[in-house]
Amino acid sequence: MLNACLMFVLLLRDPPGVLGKRLKDSAETVVIGGGCVGVSLAYHLAKAGQKDVVLLEKSELTAGSTWHAAGLTTYYHPGINLKKIHYYSINLFEQLEAETGQAVGFHQPGSIRLASTPVRVNELKYQMTRTHWHPTPQFLIGPEKIQQLFPLLNMDKVLAGLYNPGDGHIDPYSLTMALAAGARMYGAQIYYPAPVTGLTPTADGRWDVQTPHGTIRANRIVNATGFWARELGQMIGFQHPTIPVHHQYVVTATVPEVKALEAELPVIRDLEGSYYLRQERDGLLFGPYEKEEKMKLQDSWIRDGVPPGFGKELFESDLDRIMDHVERAMEMVPVLKNADIINIVSGPITYTPDLLPMIGPHQGARNYWTAIGFGIIYIYIYIYIYIYICGEPPYDLIECDPNRYAHWTSVPYLCAKARESYGFNNVVGYPKEERFAGRPTNRVSGVYELLKDRCSMGFHAGWEQPHYFHKPGDDTGYKPSFRRTNWFGPVGRECKLVMEGVGVIDLSPFGKFSVKGEDSHRLLDRLFANTLPKVGQTNISHMLTPRGRVYAEVTVTQTAPGEFLLITGSGSELHDLRWIEHEAADGGYHVSVSNVTDEIGVLGIAGPKSRMVLQKLTDEDMSDTAFRFLHCRSIQLAGVPLRAIRISYTGELGWELYMDMQNMSAVYQALMEAGQDENIDNFGTYAMSSLRLEKGFRAWGAEMNCDTNPLEAGLDYFIKLNKPAEFIGKQALLEIKAQGLSRRLAFLTLDTDDIDPEGNETVWHNGEVVGNTTSGSYSYSAQQSLAFSYLPLHLTHAGQKVEVELLGQKYPATVTQEPLVLTEPSRTRLQKKQRTAATV
């Protein structure tokens, strides 16, 4: 099918240079790019009822990566909500021909991911644990079943397989044409050849889209231009981190053993061999993912742009570059040894640094959206952005947010990460995974040089941040595992340090925004569900979506009348900034919103002895009565001016110290010198995560996100439904409250061995799937594993027994009254009550 498709596409070209109809003057949405992603976006927008949808394609539909793709389709994805995208997509493919009258060439023989080492078997079990609470059909099967499904396999090394019935492959050209037919049927206009020659923003947030045939005034534009995405972005000042990669696949002639089969073979993915293989008519098609030292980037296109006229062309093939994988495939599927190769397809596919696409509204330009960077999963992700445009996303996909990248994604970083990610297509997917290519970026804190050789660094939005610190005698280095590994002991040591002494942590990756102006109070009252703090005070606030979901959790401090410092997590910096800027612009608020993330360094100091250390370095009274919890003050510390906020995400006595980045090293060294008698030391994010969990602190991106409302997440304390301001999501929350909840976040203790929950594991009760964990860790204070989990209301009372699945085994768990360990402010209040009661 595929080879015939390639020849057909090359022959059946549209007349060059002729538009054939008059270009519209205006549009609600202009989608730029006529590959599978752009066309399907036009289809979905039009089908949803949006009027005036226009698609502009520079040459002809499917030009770029679509026409030559191998077209694999799968329910499987290691991500959580991306599974839902895949599930929707396959269901769409099944009915699209009947809807549009256009054949799509969809084959569903199933697929098997092959495990040939014990570690790979654990990986499959890990993925099953994360899939049981989804509707995705997925099964862990043994060698006998694998042989039955794929009788041509050499089973000598096969230990297990992950089987997805319903998987298969589709003809990308036919799929795109069916989507185009559907888009036209629902009212969308598709123009080609219509290259975009310029993009001009208007004062009211719209766009003038220039083409050789005229200009269209659009309410919004979507960049869906594949490997031209970087060039289109450059028209409006963006350097999108996308790069074309040479991907090759091999097509054979008829293989007698394949022709003799009664049923089509399932697609196989040999994880150790790093290739996929499927049936192609009566032959076979297989495509490898080379290691980073052998794969090839088309990096000249970053420098010089895509050659004019390139669209339905291919690169020169290079069989030698993939021979290692060819030999592995021949070993696994011996009939390949005698098969004749009739075609080697080598074409460009677009990669981002982390393999995931960039979909959604882009910070820094009003009403500019991207749907780019679709490498191996490009056929799938389009429903998300269409629902996002029509209202808000159907589920949280922050891992695909285009705003996860920023100025730190330089070309050398992009190239290094694309090489690494291409080779990582089939590497073992461990929890707490770290990838090291291209690091560090230019985004390092003022204490990075002091700490880098003493800890295991993690990567957070371009920043290097310590995960944990090692001491002489520790087993050092990155040693991933599905069970507890070399970080377990050091993290316990750091938790003890914070609980009993004093520790310092680098928190510079926090996103930090300054908001001020005559309408700042009114804007933030509209954005946040909590009341705003008074001058010199701090609180935790949440931005909600119109449907009442938790868009963000932010620490809000009013530093002066009408001037606010907003602090958010590193991974949601530009995600949150875009939301704030969007509301400020659309609402006409007179405010200044500045991103000061890179200018301000942050050190956290926590533990019962933290006050003693700080008091040695300042004349300010740091006592409990003088400097109360959730208060903020400008102080001098070791002669350095900074802002101190009494708060700690460990739940212990602590402060966050905000200072100019260039002063950070001096303040850190002063703290370590002053705290020698208190045995001050460093701690990292792994310890902070364990400590926050045992205190019952929720985390954005885990317990709360755009999939959850704050009431089911147990955030009622922070949601002020009776405040006068009509904050975003207020009416939706009132309706949710009136209707009642169906589930609630529960706190679990687990009886495990050498494994702890991470989040997104399946929760069972009486043999039925009843929920999922959101995050988990080991509590060194309680000496047992902990997790948060969403459960049906009738299973959330204290003492309820459930089971949490970890690596294929169900461990007993108990719903427990939270928190397991009281926070320092709670302990202090309790001690005061006890002292008062004792004197009565």
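The values are calculated or read from the model by the stated rules, or taken from the named source; none is laboratory data. Not measured: the values here are computed from a predicted model. In this analysis, Cβ positions are derived from the backbone assuming ideal geometry, glycine residues included, and neighbour counts consider all displayed protein chains. These accessible areas exclude ligands, DNA and RNA; they are computed on the full protein's heavy atoms, side chains included. Shrake-Rupley method; radii C 1.70, N 1.55, O 1.52, S 1.80 Å.
Given Cβ point charges of +1 (Lys, Arg) and -1 (Asp, Glu) and nothing else, what value in debye, to the nearest 20, does the dipole of the chain about its Cα centre take?
It works out to roughly 1540 debye.
Place the peptides 162-168, 197-203 in order of packing, highest mean first, counting for every residue the other Cβ atoms within 10 Å and averaging per peptide.
162-168, 197-203
Compare the peptides 461-467, 826-832 by average per-residue count of other Cβ atoms within 10 angstrom and give them in order, highest first.
Ranking the peptides 461-467, 826-832 by packing returns 461-467, 826-832.
Compare D506, D156, D318 by solvent-accessible area with a 1.4 Å probe and give them largest first, with all protein chains kept in place.
Largest to smallest exposure gives the sequence D156, D318, D506.
Per residue, what volume in Å³ does the Cα convex hull of the stretch 299-371 take up?
179
Please give the helix 664-674 orientation as an angle from the longest Cα principal axis of the chain, in degrees from 0 to 90, rounded to the nearest 10.
For 664-674 against the chain, the angle is about 40 degrees.
What does the charge dipole of the stretch 703-840 about its Cα centre add up to, to the nearest 20 debye, if the Cβ of each Lys and Arg holds +1 and the Cβ of each Asp and Glu holds -1?
With Lys and Arg at +1 and Asp and Glu at -1, about 1080 debye.
Using alpha carbons only, what's the Rg to Rh ratio of the stretch 572-721 with Rh from Kirkwood?
When Rh is taken as the Kirkwood radius, the ratio is 1.01.
In the stretch 511-595, if the dipole is taken from +1 on Lys/Arg beta carbons and -1 on Asp/Glu beta carbons about the Cα centre, which of V554, F564, V515 is farthest to the positive end?
Most positive-ward Cα: V554.
Percent of Cα-Cα pairs more than 15 Å apart in the stretch 742-839, please.
61
Placing one identical point scatterer on every Cα of the stretch 434-477 and ignoring solvent, what is log10 I(q)/I(0) from the Debye formula at q = 0.16, 0.23 Å⁻¹?
Scattering profile of the stretch 434-477, log10 relative to I(0): -0.41, -0.80.
Over the stretch 742-839, what is the mean sequence separation of C-alpha contacts under 8 Å (at least six apart), divided by residue count, expressed as relative contact order in percent?
It comes to 30 percent, rounded to a whole number.
How much accessible surface does C706 have with a 1.4 Å probe, in Å² rounded to 10?
Only protein atoms counted, so the area is about 10 Å².
Which semi-axis lengths, in whole Å and largest first, follow from the square roots of five times the eigenvalues of the Cα gyration tensor of the stretch 199-241?
One finds semi-axes of 19, 13, 9 Å for the stretch 199-241.
Just the number, please: Stokes-Einstein D of the stretch 33-91 in µm²/s, Kirkwood Rh from C-alpha pairs, 10 °C, 1.306 mPa s.
121
If you take all C-alpha pairs in the stretch 491-533, what percent of them are over 15 Å apart?
65
Restricting everything to alpha-carbon atoms, can you work out Rg to Rh for the stretch 511-595 with a Kirkwood hydrodynamic radius?
That ratio is 0.92, to two decimals.
Nearest 500 deg cm²/dmol is fine: what mean residue ellipticity at 222 nm does the chain get from its DSSP H runs of n ≥ 4 alone, each adding -39,500 (n - 2.57), divided by its residue count?
-7500 deg cm²/dmol
Å³ per residue of the Cα convex hull, for the stretch 549-643?
148
Which values, in whole Å and largest first, are the semi-axes of the equivalent ellipsoid of the chain obtained as the square root of 5 times each eigenvalue of the Cα gyration tensor?
47, 33, 25
With every protein chain present, what accessible area does K730 have (1.4 Å probe, heavy atoms only), rounded to the nearest 10 Å²?
20
Largest first, how would E262, E694, E553 line up by accessible area (1.4 Å probe)?
E262, E553, E694
Starting from the exponent 0.38 and prefactor 2.2 Å, build the expected Rg for the stretch 218-308 from its residue count and divide its actual Cα Rg by it.
1.57
Going by alpha carbons, how many degrees (0 to 90, nearest 10) lie between the helix axis of 685-694 and the longest principal axis of the chain?
70
Please name which of L721, S785, I647 has its Cα lying farthest along the dipole of the chain towards the positive end, using unit charges on Cβ (Lys, Arg +1; Asp, Glu -1) and the Cα centre as origin.
L721
Cα-based Rg of the stretch 137-237 per 2.2 N^0.38 Å, rounded to two decimals?
1.84
May I ask you to give the solvent-accessible area per residue for the chain, in square angstrom, as obtained with a 1.4 angstrom probe?
38
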